[in-house]
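Read the structure below first, then the notes.
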Amino acid sequence: MTLERRAWLISRALALILLLVSFGVVYWQLLRGVSLQPVALDPVTAAREYARLRGDPTPEPGSEPAQVGMMEGLALVPQPVVQRTVNLLSKITRGTIYDSAGNVLAEDRITQDGERIRYYADPSLAHTIGYVSALRTGAMGLEAAYNDELLGLNRPDTEIARLLHQPIRGSDLVLTIDPRVQQAAVEALGGRAGAVVAVDARTGAVLAIVSSPTYDPNRAGDAGYLSSLGGGALINRATQGLYTPGSTWKTLTLIAAYDSGQVNAGTVIDFGQPQVDPSGRTCYYYEVDGGRIPDCSHRESRLDVSTAYVYSANAAFAKLADEMDPSLYIEYAQRFGFSDPNYHRRFPLELAAALPQAANDLDSLRTNNLLRASTGFGQGELLATPIQMAMMAQAVVNDGVIKLPYFVESVRDPEGRVISTRPNSRTVQGLMRVRTAQFVKEAMAGLINRYYGGANFIPGAAAGGKTGTAQLGGDLEPHAWFIGFAENEYRRVAIAVVVEHGGAGSDVAVPIFRQVAAAATSQE
Amino acid sequence: MLVFVIGGVGFVSVAVAEQVQNGADPEPFIRPALLPVLVIAAAFLAIHAALSIRKITFEQTLLPVTALLFVIGATMIWRLRGTDGIAQQFTRGLIPGALIAIGLVAWPRSIEHLRRLSVPVGLIGLGLLILTGAFGVEDETGARLALKIGPLPPVQTSEIIKVALIVFLAWYIEHEGRAAEGRAHTLLWFRLPALRYLAPAALFVGAATLALVAMSDYGAVLILAILFVAMLYTGFETRIFVTISALGLALALLVGLILNHTWEIPATIRYRYLAFQNPWSSELMPNGITIAEGPGYQIQQAIYAIIAGGVTGAGLGLGTPYFIPLAHSDFILAAIIEEMGSAVGIAVLVLYAVIVMRIVRVALLLPREQIFERLLLVGIAVHLFSQVFIMAGGTFNLFPLTGVTLPFLSLGGVALLVNLVEIGLVLAVMQRVQQFQHERWTV
């Protein structure tokens, strides 16, 4: 070959190689662009992707945490991603969060130094709304659950704004929180450790949610503030607090016994011979497998089931649970979410929720009759979250159907146009027959009639409920519980109240229920 | 023709000026932003004027394309490094480069002198390189790239050796090539040149390679290898090139294997290779997080910049190319893609391809017997190509990263100057074409 030919060939070859090299850009932008996006919006997915790229051993399925907090999420992605994420987020105005009356609960504000900060109006909603970190790379609560919406992602006009380098404003959230009910709940709880949840039973809209003690989300970015908080102030007790439900659980035992046909409205429980204890009280005892379950709540030796429920007769519910087919009993517990392996799929709340449990080990609940009998009246190894107990009351007042509690009523773009309504609304069915719900509802109303003055208890609304005093053993004061409902033409509301170490449910939790239910059922 | 050039450069300058303004919005910033554009336009127009005076009009693409690339690079440097960066780009690169180019165009016999002085040029380049390898100034990464003589700023001698090699090889092939081919032994399909002819070139390249390895400038080694093979391929008309490349490759492999057994592979190379395989590999992150600015970190930042750019880019001054280490030199292509988009990024590569093709076109227009000039131009084209190829491929993580500069784009002293002088050489050689065509026409 001549020099001419070779030189010509070489120039074409080199030009071609350069064109081929430019496909490198196409590769990164088109093929890897999405999985390597610099936004750590979804820390779990990002952490998983980078763990794969790093070559970390694959974690066991299911062992990964359901929700990675912001600090963990940031530590798991490479620093360049953090850098670019911080930069990107600093240019977006997050959407505003409103309550159902249109009051601002959280919004972006510009300080005098021109710095963008997130302002939170109501510390009692700190656990529910959550907060964004100082650099905005992480979030908790609804701020995390609706991060994409609040940042305006997936909205066509923000994509255009991004292309045109215009300022981006995220979408707004309107919550279901009713400020009057929320205020009533905060005042009624009065700063005692505990939680209150009020759910609109017809829709599932959460009208009030309080977890106490709380913290100031406006100070979340201050050095050392969050770690200085004691008493589990960061835990949302309403969805993550696990408490022994005490006698409120008799509601489930009653549901299971009636729904399965073990008892009917006319069934009478025979308590046998009473014994008088040293202090002069009349007590009945239910004996099972060498254990004695005392029941000092009534003098009568025979009671029908509804009255036994109203009197909260431990021996009756120990007997019902003991004599029931264990598998059936477990099935009813699981229907309501207790020890349900599909809990997060059946009850997908917008907030992180703890898993309620019927027993540490379901097999022991099957074989250990004493444990099952203790479980029957709400002790045993039961652990319940307030929101799950509210759902139980809701199912009773709703003819056996749970409308899953949700917090976001609508997502709106900055011009106020509704983008989506009730994004997390869903129904949980197959819990019990309608007749069962009506029977239990009457039993719950009977308790209000018997002890709390019936129609006068909540002005203008019919109410029902069940107290609970969860014994904790040792010298610990019991947890005070109340679950119940109140309804009139305006609203049907299901409420759960728990006061940690508050004492007797009837003394401590009932007044709180009364105040919240009154606020929820009055129109003004 | 002149109008076309002015139009081309002018259009580009105005476009760029507008973009620079956008970066620093208000009006008082516009005037100072226009100043560098005027300097660039003046420099390239001066070269063009020199060409026009010499009545060289047959090649109108090379200079505007070079100007366009320079302007894109200068814009990015202005954005990343501000006035200091652009001043360095001008005083150490553009202005001396343009002056030398004008000198070469105005003094056409310079090529003749260069041919006669090829051997001293080659030897001086080699000498400087060996001096650097022995006494050079170490930079923070432990590479010894620059030679500091007296009060002068440090000079990266590895840039000079590349031109020296081109000149030396062009002379060598012209002088000895035909003879070497005539005296070649045939071994099976291969043709082996006689040792007497092979030895000087092999010795030259071997010595340069050893010095560069001592300086841990592996990018330059690669460029020398590409230059060596490409020039021998073009220079010889027989398959002799195949033999020589095969021999060189075998030798390199042998040395590599021996080194691998006796010494450890240098950490730089090992980490670069790991970073190429997987920039996110945990082996590059001893503490779990890539905070250390290791090779994985650099490549990651470049990749994120490329992704952030999209097709149209974040806009000048609106992206975050300053996150990338060495964004103004090694990774300027990633910075350009982040702010101007992959459209401009790919266009830059196309422009380089155009430059390579135009330079070779000039070489092919030369008379047959001017082998030195022809090989000189081919060598220059291959040199520019290899720089772009190594750096773009490294930035896109197509192969392990080696730090060289992108011609006309990167902030660079000697490297930029050398590239501009190369363009000057091409322009000077163009006069031969003019003469040749004129003679052919009149005869």
**Prompt:** When you scan the range A:336-367, how many residues do you find that are in contact (Cβ under 8 Å) with a residue 40 or more places away in the chain and closer than 28 Å to residue A:141 by Cβ?
**Reply:** 15
**Message:** Every residue in the range A:161-179 that is closer than 16 Å to residue A:89 by Cα, assigned to a loop (DSSP other than H, G, I, E, B) and within 14 Å of chain B (Cβ to nearest Cβ), please.
**Reply:** A:165, A:166, A:167
**Request:** Would you point out which residue out of A:192, A:237 is within 17 Å of the chain's Cα centre (by Cα), within 30 Å of residue A:487 (Cβ to Cβ) and among the charged types (D, E, K, R)?
**Result:** A:237
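Quick check on residue A:430: is it closer than 30 Å to residue A:334 by Cα and either touching a Ser or Thr at 6+ places or on another chain (Cβ under 6 Å) or in a strand (DSSP E or B) (or both)?
No; evaluated as a whole, the condition is false for this residue.
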**Prompt:** When you look at residue A:188, is it in the same structural domain as residue A:443 (by TED's automatic domain parsing), part of a helix (DSSP H, G or I), aliphatic (A, V, I, L, M) and in contact with a helix residue (DSSP H, G or I) (Cβ under 6 Å, 6 or more places away or on another chain), yes or no?
**Reply:** no
**Request:** Using the structure shown, decide if residue A:107 is closer than 30 Å to residue A:199 by Cβ and more than 23 Å from the chain's Cα centre (by Cα).
**Result:** yes
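Conditions tested, residue by residue: (1) outside the structural domain of residue A:293 (by TED's automatic domain parsing); (2) surrounded by fewer than 16 Cβ atoms within 10 Å (Cβ to Cβ); (3) modelled with pLDDT under 95; (4) of a type in the set (Asp, Glu).
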{"site": "A:459", "(1), (2), (3), (4)": "no, yes, yes, no"}
{"site": "A:467", "(1), (2), (3), (4)": "no, no, yes, no"}
{"site": "A:470", "(1), (2), (3), (4)": "no, no, yes, no"}
{"site": "A:479", "(1), (2), (3), (4)": "no, no, yes, no"}
{"site": "A:485", "(1), (2), (3), (4)": "no, no, no, no"}
{"site": "A:496", "(1), (2), (3), (4)": "yes, no, no, no"}
**Message:** Cβ-Cβ distance below 6 Å, separation of 6 or more or different chains: which pairs start in the range A:2-25 with a residue that is closer than 18 Å to residue B:398 by Cα and end on one that is part of a helix (DSSP H, G or I) and among the hydroxyl-bearing types (Ser, Thr, Tyr)?
**Reply:** A:18/B:352; A:25/B:342
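Looking at the range B:386-402, which of the residues that are among the aromatic types (Phe, Trp, Tyr) and facing another protein chain (nearest Cβ under 7 Å) is farthest from residue B:307 (Cα to Cα)?
Across the range B:386-402, the extreme among qualifying residues is B:389.
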**Asked** Name the pairs whose Cβ atoms lie under 6 Å apart, with the first residue in the range B:306-327 and more than 7 Å from chain A (Cβ to nearest Cβ), the second surrounded by fewer than 17 Cβ atoms within 10 Å (Cβ to Cβ) and in a loop (DSSP other than H, G, I, E, B), and 6 or more positions between them or separate chains?
**Response** B:325/B:293
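For (1) in contact with a helix residue (DSSP H, G or I) (Cβ under 9 Å, 6 or more places away or on another chain); (2) part of a helix (DSSP H, G or I); (3) within 18 Å of residue A:87 (Cβ to Cβ), each residue gets a yes or a no:
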site: A:118; (1), (2), (3): yes, no, yes
site: A:125; (1), (2), (3): yes, yes, no
site: A:136; (1), (2), (3): yes, no, yes
site: A:157; (1), (2), (3): no, yes, no
**Message:** Given the criterion not in a strand (DSSP E or B) and not charged (D, E, K, R), identify the matching residue among A:256, A:208, A:195.
**Reply:** A:256
**Asked** For residue B:412, all conditions in the list (1) within 9 Å of chain A (Cβ to nearest Cβ); (2) buried (at least 24 other Cβ atoms within 10 Å of the Cβ); (3) of a type outside the set (Asp, Glu) hold save one; what is the number of the exception?
**Response** (1)
**Message:** Can you go through B:199, B:225 and tell me which one is within 23 Å of the chain's Cα centre (by Cα) and modelled with pLDDT of 70 or more?
**Reply:** B:225
**Request:** Test residue B:329 against the stated conditions and say whether it is of a type in the set (Gly, Ala, Ser), over 22 Å from residue B:79 (Cβ atoms) and either touching a Gly at 6+ places or on another chain (Cβ under 9 Å) or at pLDDT 80 or above (or both).
**Result:** no
**Item:** Selection within the range B:351-361 - surrounded by fewer than 24 Cβ atoms within 10 Å (Cβ to Cβ) and more than 7 Å from chain A (Cβ to nearest Cβ)
**Value:** B:351, B:354, B:358, B:361
**Message:** Take residue B:367 and tell me if it is assigned to a loop (DSSP other than H, G, I, E, B), more than 7 Å from chain A (Cβ to nearest Cβ), surrounded by fewer than 23 Cβ atoms within 10 Å (Cβ to Cβ) and in contact (Cβ under 8 Å) with a residue 24 or more places away in the chain.
**Reply:** yes
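The values are calculated or read from the model by the stated rules, or taken from the named source; none is laboratory data. All values derive from a computational prediction rather than experimental measurement. Because the Cβ atoms are built from the backbone with ideal geometry, glycine has one as well, and the counts that use them run over all protein chains shown.
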